[in-house]
Each structure stands twice: as C-alpha cells, then as structure tokens.
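Visitor: Please find one structure pasted underneath; my questions will follow.
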Amino acid sequence: MVVHGADRILTVKEYREKMSAGWIGQMVGVSQGAPTEFRWGDKIIPEDKVPQWTPQMINDSFAQDDLYVEMTFLRTLEQYGLDCSIRQAGIDFANSAYPLWCANNAGRKNLRKGIAAPDSSHPQFNKCPNDIDYQIEADYSGLIAPGIPQAAVDLGEKFGRLMNYGDGMYAGQFIGALYSEAFFESDPVRLTQKALEAIPSGSQYAEMVRDMLKWYSEDSINWQACWEKCQKKYREDPNYQKDSNGGIDCKINGAYVLLGLLYGHCDLNDTIVISMRAGQDSDCNPSSSGGILFTTFGYNNLPDRYLKDLQWETKFSHTDYNFKQLLDVCQKLATDVVVKYGGKVVKNDQGEMCFIIPDRPVKPSKLVCSWNPEPIKNSRFTKEEMEQMVWNKQPSHLQSDVDKLFPGWKIINCGDDMNPGVRADWQGQKDVLCVHPLDEEIGCSLIRTYSIPNDKPCRLHLLVGNDPQGDFDLVIKLNDKEFLRKTISNSTTESHWMDMKVDLSQFAGTDIKLELINQPTGWEWEAAYWKTISFE
C-alpha cells in the first residue's frame, strides 16, 4: 500500500489480507472474551480470570451474534447493492430469525410493527437508542471501505439507524472509520484521530474519544488509571448515561475499545486482553479493538495460534457464509465501494490489480442527541412492504387446522415453536389445537366476528389448557379493547385445563369482533391448547 498525491493505492491482494485479518481479529476477541461477558460490571477483571487463548477457540465465534448480525447487513448489500434503500435494509433486519437484545431488539420490534427507519430508532419508540448495538455490528462497514471512511458514515445512516440514534449511531460510524483507516494507518493514536473526523464533534461520543486521546497522552502506560477516569466520567456521571441501558452504553464500552487499542501498544494479545479486562461488554469490546488492530497487520503477519485451527468450511450461524465466502463477498463489495466513491480498479506495472482510492475529507452525519431528538418522520411501511416480512409467516397448515376444529375463526401471529397444530390426544382431550406466541411480546390470536342474538343470552364457552412446564395469559379482546385477562397456569387450572364462560349479553343485537390471545408471560413453554371455542 502507498499514498500517492491525493490518492491511496492498495493492491487487491493487500486489501484481502488486511480485510481477512480484520475478521480474524473480531473472531479472536469475541471468542476469548465470551466467558467474561457482563460478569464484571464496573470492575476490572482480575488478571487470573482472563481466559487463556487456545487455537481451537477461534471456531467458537461462528455462533456469536457480534459477527452474524452484521452479516445480515452484508447480505442486504450483496443482494440489493450499495444503493439499496433503508427500507429494504429494515425489511431484511425485520426478517432476521436470531434472538436480539437492547437497541437491536427494540429496533427490530418497531420494524416488525410497521415503524420504518429512521423512526424505528427514534427515542419516541426506542428507549435505549445509545446502547452498544450498532457499535458492535459496524465492523463490516469499514472492512468493505478501505481508506474511505465516508462510506462507513453513509452505511451507518442506512443500517445504524435501524436500531440506534445519536451517539448510538455515531459509535458504529466511528468503529467503521477506524477499520477503514486501518488499511493505511497502523499507529493507534493517528488512527483514532483520523476516525474522530467521521463523527460530529459536538457529540458526547466524540468528547469521549478526545478524552481518551488526552488521558493517553498524559500517561501512556497505566491503563488502569485511565479506566478509573472513564468510570468516573462516563459511567458514574448520569449526564453521560442518558437513554442507555446501563452498562450497555456505547460511550463507556467505546472507551474500553480505545483503552485496548491505545494501551495495547500494537500488541495483539495485550490489546484484546485490556479491552476485555475493562469489563462490561467484555467480548464485544475486544472483538472491536482486536479486529481493528489485526487489520493493520494483515493476515500473513498474524501468529499461527490464531489461524491454524480455523474451520474454513463452517458457516456462521444464521448466514449463508463460511469464512471464504465471507471474504469473497467483502472483496466484491469493496470493489463497488471504491468505484462508487470516485476510485478506480486498475493493474499496476507488475500486473497486480489495485484499488486507486481518492483521499478525501469525510463529512459526518448531522449532530442530534437522543435527549433532544428531531421530530419523528412518521415513516411507516406500506402494506406491500409488510407482506415482504416473512418472519411472521405462520406454519401453512394452521389455518386449515383451525377451519377443521373451529370454523369461522382466523389465526394470526402463531410462531412455530412447540410444533403448533392439531393434537389427536392431549391431557385427556381429543382433537386439541396447539398454538404458540409469535415472539416474546406478540401473542398468537384467534379472531372472528360474531353476531350476538337479540332475543336470548349469549355466552362464549372456552376450554383452554397450558403446557405442564409453562403458563401464559389468556387475553380476550372485544372490538379491539381488552375485556378479560386470565393467567392459565398449573395453579389456576384443573389438570392443566380451564373451563370458562364469558357473558356477551351486553352486546345483544350487535356484531362484535372477538380476539382470543395466547399472550406470553415468561417465554418458556408458552403454548395454548384449545379444546372448545363455542357460543351458547
């Protein structure tokens, strides 16, 4: 790699080696730190509690969300190109099947409800917009943008806004810029200074980065003393913990990434261990610092202990990518990024393919704060877009099962856990319909409209059961308003069945919409078993 005038030149071979090393660094950091994750909050992990690296640990990373979530974004870019819309990004994220937490979970739930980005991350709908989520998923944005931090900023505006807002998004843009610059800069201080240009200077996240550089310049040896300063300002001062989920705050965890990157003094192991020992999200943080530093080294310069047991054919969970396929898609996207941002792909005098990359200043996103947000955009998915969200497509046989046992009723939001459908014999009853909630919040509903007679009493008769290992809330809605809620559990049922009758006489002479909801309570064995749904 060379810098020539206003251009940066990187052979495609050099790019692939550095990009590959960036992924290896992430995999090493998350695998080594995984046993410590959130076990030490607001404490430095004792040195004797640090997991010792062994070569086979690299393969533990294939099941880590630190890696496979960001590959959802890569897949969107692969399928729809760099100019894909933020709405398509939202649809793909909504369709992801893996469990999520914090801002990721809140953002995806909003998307699934029809709240499109950028509103899906807006503080009005997302109570933890400054959580670490996009920070730990933004590595891809720099690894496909060698020397082009503007691309990492722009990708943050597309994917980071699905779940994060303000500092939460800037955190990911900063991480992406660190990776982007790591293709050409190896000194951690200069690397950090360059990446700082990619985020709004007035943000609290930028303030944290400046503090880390300042504290390091004052004492470049004692990382524990710097940790104490981070703790006092960015953990204990409530002004720097706004709209965050405690230890998941992006600023304190971002500080720990820089703690390892700066005080690790370009040592691969020390960088990972320091970011890990800082605590809190102690697998994500070394994954980021490790990935950035490993990028500066390149694959061919990494110690064999990180490479020799890597299973190249194993696929990352919830993805179509094994390690080689991951590298291939990144190389393809990097080529597209270079061209899109004014660069070229040419052969040099030695016949090697090269990226010619313009060295241009970066324009950060607009400064906004979660505690003083902009108005919502009233952005909603269309009916056609909602139909693309296959995450809530219930098993195809279910409606016919309902038609067989309970004609006139429609089933929606049934998840596929616990194998829903007809049970020929269950808990002493024949021909029982088993249903299950769609997720931790959205219950499975049976819905119909019924004409209440005007000349005689009318009652809804239900015989419904719970699984012996779980419970749920039965919610009855009439005309979209909650009318009744009962817990169906071992303590409220007889032999796991509740026989109940609901008087509907007050609605005599009208058509009412009825909804029977199998509402989850603790997300363990939440199935409902329907034997009787009738009117009398």
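The values are calculated or read from the model by the stated rules, or taken from the named source; none is laboratory data. Here the structure is a predicted model, which means the values were calculated and not measured. Cβ coordinates were reconstructed from backbone atoms using ideal geometry, including for glycine residues, and neighbour counts include every protein chain displayed.
Visitor: Residues Asn285, Asn253: which one is closer than 18 Å to Ser31 by Cα and in contact with a Ser or Thr (Cβ under 8 Å, 6 or more places away or on another chain)?
Guide: Working: Asn253 fails: in contact with a Ser or Thr (Cβ under 8 Å, 6 or more places away or on another chain).
Among Asn285, Asn253, only Asn285 is closer than 18 Å to Ser31 by Cα and in contact with a Ser or Thr (Cβ under 8 Å, 6 or more places away or on another chain).
Visitor: Based on this model, can you work out whether Asn454 counts as under 35 Å from the mean Cα position of the chain (by Cα), assigned to a loop (DSSP other than H, G, I, E, B) and either farther than 16 Å from Lys513 by Cβ or modelled with pLDDT under 95 (or both)? Please lay out each step first, then the result.
Guide: Numbers: under 35 Å from the mean Cα position of the chain (by Cα): no; assigned to a loop (DSSP other than H, G, I, E, B): yes; either farther than 16 Å from Lys513 by Cβ or modelled with pLDDT under 95 (or both): yes.
When the stated conditions are applied, Asn454 does not pass them.
Visitor: Just to be sure before I move on: is Gln224 assigned by TED's automatic domain parsing to the domain that holds Pro286, polar (S, T, N, Q) and surrounded by fewer than 20 Cβ atoms within 10 Å (Cβ to Cβ) in the structure I sent? If you could, list the steps in order and put the result at the bottom.
Guide: On the way: assigned by TED's automatic domain parsing to the domain that holds Pro286: yes; polar (S, T, N, Q): yes; surrounded by fewer than 20 Cβ atoms within 10 Å (Cβ to Cβ): yes.
Yes: the conditions hold for Gln224.
Visitor: What number goes with the only condition from (1) more than 24 Å from Ile272 (Cα to Cα); (2) touching a Ser or Thr at 6+ places or on another chain (Cβ under 9 Å) that Leu100 does not pass?
Guide: Every listed condition holds for Leu100 apart from (2).
Visitor: Would you check if Leu82 is buried (at least 20 other Cβ atoms within 10 Å of the Cβ) and over 30 Å from Asp237 (Cα atoms)?
Guide: Values: buried (at least 20 other Cβ atoms within 10 Å of the Cβ): no; over 30 Å from Asp237 (Cα atoms): yes.
No: the conditions fail for Leu82.
Visitor: Select from the stretch 298-317 the residues that are outside any helix (DSSP H, G or I), touching a residue at least 12 places away in the same chain (Cβ under 8 Å) and more than 24 Å from the chain's Cα centre (by Cα) and list them in ascending order.
Guide: Passing the criteria: Gly298, Leu302, Pro303, Leu307, Lys308, Asp309, Leu310, Gln311, Trp312.
Visitor: If you check every pair at least six apart or on different chains, which have Cβ atoms under 9 Å apart with a residue in the stretch 39-61 that is at positive phi first and a residue that is part of a helix (DSSP H, G or I) second?
Guide: Asp42/Gln231; Asp42/Arg235; Asp42/Gly247
Visitor: Would you tally the residues in the stretch 162-190 being touching a helix residue (DSSP H, G or I) at 6+ places or on another chain (Cβ under 6 Å) and surrounded by fewer than 24 Cβ atoms within 10 Å (Cβ to Cβ)?
Guide: Kept after step one, since they are touching a helix residue (DSSP H, G or I) at 6+ places or on another chain (Cβ under 6 Å), are these residues of the stretch 162-190: 162-165, 167-183, 185-186, 188.
If we keep only those that are surrounded by fewer than 24 Cβ atoms within 10 Å (Cβ to Cβ) as well, we get 185-186.
Count: 2.
Visitor: Can we say Asn126 is crowded, with 20+ Cβ neighbours inside 10 Å and part of a loop (DSSP other than H, G, I, E, B)?
Guide: Details: crowded, with 20+ Cβ neighbours inside 10 Å: yes; part of a loop (DSSP other than H, G, I, E, B): yes.
Here the answer is yes, as Asn126 does meet what is asked.
Visitor: Which residue is farthest from Ala94 (Cα to Cα), if the candidates are limited to the stretch 134-191 and must be of a type in the set (Ser, Thr, Tyr) and outside any helix (DSSP H, G or I)? Reasoning before the result, please.
Guide: Looking only at the stretch 134-191, we keep the residues that are of a type in the set (Ser, Thr, Tyr), and these are 134, 140-141, 165, 170, 179-180, 186.
With outside any helix (DSSP H, G or I) added as a condition, the list becomes 165, 186.
Details: Tyr165: 18, Ser186: 37 Å.
Per the criteria, the residue is Ser186.
Visitor: Pick from the stretch 371-429 the residues that are in contact (Cβ under 8 Å) with a residue 60 or more places away in the chain and part of a strand (DSSP E or B): which of them is nearest to the chain's Cα centre (by Cα)?
Guide: The extreme case among them is Arg380.
Visitor: Please report, ordered by residue number, the helices (runs of 4 or more DSSP H) entirely within the stretch 210-297 with at least 3 residues that are under 27 Å from the mean Cα position of the chain (by Cα) and modelled with pLDDT of 95 or more.
Guide: Values: elements: 223-230, 250-263, 268-277, 284-297.
In the stretch 210-297, 250-263, 268-277, 284-297 are the helices (runs of 4 or more DSSP H) which contain 3 or more residues that are under 27 Å from the mean Cα position of the chain (by Cα) and modelled with pLDDT of 95 or more.
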